[in-house]
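Colleague: I am attaching a structure below and will ask some questions about it afterwards.
Every number here is computed from the coordinates shown, using simple stated rules; none is lab data. As the structure is a prediction and not an experimental result, all values here were calculated from the model. Virtual Cβ from ideal backbone geometry, glycine too; neighbours counted across all protein chains shown.
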Amino acid sequence: MDWKRLKAELLAANTVRLEGEPCTGFISRSTAGPTAGGEGSVFFSKGGKRVRLSVAPGGRVRLRHHGGGRATVRLGELEAEGRLEPAGLHCPRQAYVNVSERCIFHCRYCTVPLLGGGIKDPATIEARVREVLDRVDAIAITSGVSDSLEAEEQRVLDLVKRLVPLGKPVGVSIYPGPETPERLHDLGVAEVKWNLEAATPELFARMCPGLDYETIRKALRDSVKIFGKGAVFSNIIFGLGETDGELEKCIEDLASSGVIPVLRPLNPSAELASFPRPTAERILRVCGILEKALRRHGLDARKAQTMCTACTGCDLVPGRDA
Ligand code: SF4
């Protein structure tokens, strides 16, 4: 079985139970993104490609750790040998930090507001990044909105000033204000990711009350002018109730404007815990749609230096996973 199919099956299954030798040193615990607040994740890699799996006692995938990182995954009839990859901070080869581990918004699929985490002090974050600097290729910053959009942006700008001089490409993904792209660019940030989250404005309004789709779209357009084509990204969660046609239109809108979409299969949690996880077939199908759109518009996901398109843990990424 080729990697693309194997990864689609593993992504659809999503959860893993660990067997064999202890996986100490290979479990990443996150306070943002699809793994926030769970029992952690492991990154299984094979031939330089990787997939993230959420650790759960009754996980669908079985992963046997043979020691020293050597591992076998099994899912029904599927079996593959590979390695566990240690995370830098949050994910392999990147120091991906979350500034505010809480949020005043309540996106229906997100567990962050339920976790009630704190705001990290910039000096502590810098120290943690320095600890892993020789093991990472990039630094990435995200954040919930702990009080106001303005205060959150200022916190992130202050952190960027500390992290850019460390000499790795820096990517930032927060909820953008009108001046955010320019301010980050002026400080030396290499890439930005503003998440449209849903394929249509209507779905976005239902899923992310209080946030504004047009603000994000404008930030994406402005950012392509500032950072350049292919250096701007946007997460689109699929499995929220959109059709393939709606997803295709959203992908085309983004790619034609120079933005690389990050197609993220829904992690059913928070208010959407009863939603089904997208199937392997759908994951492969939407990846095919994305692949054609990127090619049509001269975008190359392999050039991404930071954040999810560089990591690839949670998504099937054209050019990197094929
Ligand atoms: S793909 Fe993104 S959210 Fe998933 S583990 Fe990698 S950096 Fe984190």
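Colleague: Per the helix-only calculation at 222 nm, which mean residue ellipticity applies to the chain, given -39500 (n - 2.57) for every DSSP H run of n ≥ 4 and division by its residues, nearest 500 deg cm²/dmol?
Modeller: Mean residue ellipticity at 222 nm (helix-derived): -9500 deg cm²/dmol.
Colleague: With both bridge residues required to lie in the chain, what share of the DSSP beta bridges run antiparallel, to the nearest 5%?
Modeller: 45
Colleague: Follow-up. Cα to Cα, under 18 Å, and not fewer than 8 places away if on the same chain: which aspartates and glutamates meet these conditions relative to Lys303?
Modeller: Result set, ordered by chain and number: Asp137, Glu191, Glu291, Asp315, Asp321.
Colleague: Given the pairs Lys49/Lys225; Lys120/Lys225; Lys218/Lys249, which are separated by over 25 angstrom at their Cα positions? Don't skip to the answer; put the middle values down first.
Modeller: Working: Lys49/Lys225 31 Å; Lys120/Lys225 32 Å; Lys218/Lys249 17 Å.
Flagged as over cut-off: Lys49/Lys225; Lys120/Lys225.
Colleague: Using alpha carbon coordinates only, what is the Rg to Rh ratio of the chain, with Rh defined as the Kirkwood radius?
Modeller: Values: Rg = 18.4 Å, Rh = 19.7 Å.
Rg divided by Rh gives 0.93.
Colleague: When DSSP beta bridges are limited to those with both residues in region 75-219, what percentage is antiparallel, rounded to the nearest 5?
Modeller: 30
Colleague: Give, as a single signed number, the net charge of other residues whose beta carbon lies under 15 Å from the beta carbon of Leu115, with Lys and Arg counted +1 and Asp and Glu -1.
Modeller: Once positives and negatives cancel, what remains is 0.
Colleague: When the convex hull of the C-alpha atoms of region 133-197 is computed, what volume per residue in Å³ does it have?
Modeller: Here the figure is 92 Å³ per residue.
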